[in-house]
1. Restricting attention to the range C:10-52, and to residues there that are touching a residue at least 12 places away in the same chain (Cβ under 8 Å) and not in a helix (DSSP H, G or I), which single residue is surrounded by the fewest Cβ atoms within 10 Å (Cβ to Cβ)?
2. Out of B:67, B:92, report the one residue that is in a helix (DSSP H, G or I) and crowded, with 24+ Cβ neighbours inside 10 Å.
3. Which of the residues that make up the range A:74-106 are closer than 23 Å to residue D:47 by Cα and under 11 Å from the mean Cα position of the chain (by Cα)?
4. Out of contact with any strand residue (DSSP E or B) (no Cβ under 9 Å at 6 or more places or on another chain) and surrounded by 20 or more Cβ atoms within 10 Å (Cβ to Cβ): does that describe residue F:97?
5. Please go through the range A:107-133 and pick out each residue that is more than 8 Å from chain C (Cβ to nearest Cβ), over 19 Å from the mean Cα position of the chain (by Cα) and part of a helix (DSSP H, G or I).
6. Those residues that are over 14 Å from residue E:37 (Cα atoms) and either assigned by TED's automatic domain parsing to the domain that holds residue F:74 or buried (at least 21 other Cβ atoms within 10 Å of the Cβ) (or both), I need them from the range F:115-128; list them, please.
7. For residue E:104, are the conditions met, namely being within 11 Å of chain B (Cβ to nearest Cβ) and under 21 Å from residue A:77 (Cα atoms)?
């Protein structure tokens, strides 16, 4: 179904296998998901992306669960089926309850609705919203 | 600049003025922003939306600041200039620091990047991500 | 503001001027809007597009006003500021009243909202919605 | 396939079942489609959405069939597979013929095309399209 | 799965069959892909689109392979699964190697990332980027 | 107009100034555009992005001009005004002629049009387009 084959461990290059092993170690699971198995055709860039993903999604001033919910929100708005699925699963793994999921959905839906209205009405930005020079 | 005129207090209908007054009271400010002044051509629907916005964005299982950041993420993905501006301002009002803003931007950018990759590669969803029946 | 200059009548090529004149004649107005003045750098393609636009938007099984409202809906969803403005103006010219405009906005907003929900939930399509083979 | 399970009648809460029953009564069919069975994890919000949907899509200044076609246009532009399917089916139920469907597709395609051109060229909005202050 | 049936040769109208035969002849293959078999419900518009596609994608100042990669980039950004698949296949047919595919993906991802940042930050366009009047 | 102030050289941190100086040196111009002046509130991430941008856009199997045109295509599809402007300017700097620009626009428009059709029709992907497992 993908535009590049999903690499299994046998057909992967040594660099790709090293990436799979690092993913397994960091996530403490044997399973390596399709995204990385397709990205691994370009193992250097895939490894770089994996490093960046860990850095960006790590605890900081924002909680990792909050970050996963923001990720779902962007992915749903872009209609990215894969990312909605994988990051909803990640959010659940990080403690997103059913009630939190419902609130996330409500905010996404609310934003979608007013985005449609503001874009249809072409409302000009108020001066007070500008961060200034 | 909008596709409907921005209503000032004088030209607004009594129903629209009642909405403006409620917005002023709830937000404790004299300022009523353009979105509501354009929406107020249809005061019934505007009032309904205003009620819903307060309900959805109120404290719940998710913090109002988290909700505002999710709102910004959706609006940026949809390229809605007005909503990015108004909800970034709202997030700052609710305590979003510069460092939190930077992390929000980093997550949005990361999601945009992998959305582009997953959509280009058409990666099939892993069975383990399905919520099941 | 555009990525190609807006051609005035003097700087336009003879082919571009012929297009402008045809637009004036068909619309019965002296004014030629920016879109055509920017497109006219490639007068052949611009003329072809102008022919197609007239054909697609002409009365058929759907009313021209209905077509203009569908045009606004697509343009708002894509965040195309220019097209929202120009086709909202066109819809008003074809008789869209304030009340019709309000209903158009309500449907766009409703669709945006449920698009966000269905994409967030990744709801599988029901068999009964398939047109079959 | 969805990020929340599709609720059947047995596993649904009493509130969710009441919603399903109302959908059945209003639509005069036994079938309750997936969207509502997934939304029903949050029965209060689902019921509210169902009420709003009926209100927005009811006959008004715009015909229900016109509203369904606008809904399809937004959903196609947002790449929402589920909503394209369900609202194309709804439009057919409300009388959309094959010829009307073809015209709807032609307008969506035309708008998509000029959205791409106007966004690539960043054409500035003509003063005459502004609704004024 | 489509909202209109996929026409096989037997059920297609004479005009649709003529289109299929022209596609076969121009592409030198017996296979006619689903897009044209669904579009063929409106054979006149389908034939017009087929003519335009050949004209736009033909060798010009840009190489046909470059054009196919641009097509993939647009389709991925719009989340159009069908077009990503069909035009990635077309690009491979025109000589896109694995390394070129990797670079295409890297540029799409980079653009997606900075689009997200520029839209989140609402960066104003620099005067020097304007093409002038 | 941006959601964060545009940093001039005086108000920028030493890390931000070092970034500006590197941009000046690599581009051989005194001018530092708004994007980097807004990103520089988070100088570490901005510097990382700058390094990546140079790497991704450098000559490889694809020509830098081709890469810039792909960048414009993604940005137009996402409605990112800033990126359309800045990368159209970059493409012109790298040799994009008016005729190449016209062909780029024609491919973007064609892809937008068929994306709209394929998404409206929900055309199922042909088996022959799958890259296989």
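The values are calculated or read from the model by the stated rules, or taken from the named source; none is laboratory data. If you're wondering where the values come from, they're calculated on a predicted model, not measured in any experiment. We place every Cβ from the backbone using ideal geometry, glycine too, and count neighbours over all the protein chains shown.
1. So, considering only residues that are touching a residue at least 12 places away in the same chain (Cβ under 8 Å) and not in a helix (DSSP H, G or I), the one surrounded by the fewest Cβ atoms within 10 Å (Cβ to Cβ) is C:13.
2. The unique qualifying residue is B:67.
3. Of everything in the range A:74-106, just one residue is closer than 23 Å to residue D:47 by Cα and under 11 Å from the mean Cα position of the chain (by Cα), namely A:76.
4. On the way: out of contact with any strand residue (DSSP E or B) (no Cβ under 9 Å at 6 or more places or on another chain): yes; surrounded by 20 or more Cβ atoms within 10 Å (Cβ to Cβ): no.
So residue F:97 fails the test.
5. Residues of the range A:107-133 that are more than 8 Å from chain C (Cβ to nearest Cβ), as a first pass: A:107, A:118, A:123-133.
Now narrow it down to the ones that are over 19 Å from the mean Cα position of the chain (by Cα): A:118, A:123-133.
Across the range A:107-133, the qualifying residues are A:118, A:127, A:128, A:129.
6. From the range F:115-128, those over 14 Å from residue E:37 (Cα atoms) are F:115-116, F:119-120, F:127-128; that's our starting set.
Within the range F:115-128, F:115, F:116, F:119, F:120 meet the criteria.
7. Values: within 11 Å of chain B (Cβ to nearest Cβ): yes; under 21 Å from residue A:77 (Cα atoms): no.
No.
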